[in-house]
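Below is one structure, written out as structure tokens; comments come after it.
We did not get these values from a lab; they are worked out from the coordinates using the rules stated. Treat the numbers as computed from the prediction; the structure is a model and nothing was measured. When we count neighbours, we look across all protein chains shown, and the Cβ atoms used for this are built from the backbone with ideal geometry, even at glycine.
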Amino acid sequence: MVQLLVIRHGKTDWNLQKKIQGRTDIPLSELGRAELVKMRLPAEFKQFSWTSSPLKRTRQTAELLGATELKIEPALIEMNWGEWEGETLPDLRAKYGTEFKYNEARGIYMTPPGGESPADVVARLTPWLQSLKIDTVAVTHKGVIRALKSLAYNWDMTDKAPVKFDWATGHLFDVSPDGGLSPLRINISMEDA
């Protein structure tokens, strides 16, 4: 089995405003950079290969965590939130009311207008997972990590997650040749010792 350590990018200004970023290419905020400067990849993962989403915030995060040879992987790009990008959840709930509530209740099949569902993200990630041949650190996005979580825990996103992920930590999985995931360790600290 190959091991995969997934890490979410650092904070952006849109994160701080609770706006849905999706594919909008927002860089790290000053706060995000300041927090990452104090973090380090644990030594046990130093031999892992680095890969990241093509978006600035993930590439910047990988570099600040010590990536020197960084492979860009299109499959790791954030979920496409379509018409919802730049909006906040309270605004969307107010704007679309019952229609939005119904879409949210669809869990893994929730699809923003003009966007993709978490199930679409899983389908996009599976060939990449199947292609992994070496232990890898992947710096990516919350939507992608939630999709991986749904795969690892057979979670359809219609209820609370089976395990709470701390978004400022790493999450380690075994990846089977068929692209299946098994959680090994969740919420691995990145704090500089």
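Results, tabulated for the structure shown:
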| item | result |
| --- | --- |
| Loop-located GluC sites (Glu not before Pro) in region 1-69 whose Cβ has at most 11 other Cβ within 10 Å (DSSP) | 69 |
| Region 2-188: antiparallel DSSP beta bridges as a percent of all, rounded to 5 | 50 percent |
| Mean Kyte hydropathy of 0.0 or more with a Cα span along the axis of at least 15 Å, helices from DSSP in the chain | 118-131, 142-153 |
| Qualifying trypsin sites (Lys or Arg not before Pro) in region 21-73, DSSP loop, other Cβ atoms within 10 Å at most 14 | 38, 46 |
| Amide H within-cut-off set for residue 50, under 5 Å, with H built and near neighbours excluded | 71, 137 |
| Dipole magnitude of the chain, debye to nearest 20 (Cβ charges: Lys/Arg +1, Asp/Glu -1, about Cα centre) | 220 debye |
| Fewest-first sequence of 139, 122 by Cβ atoms within 10 Å of each Cβ | 122, 139 |
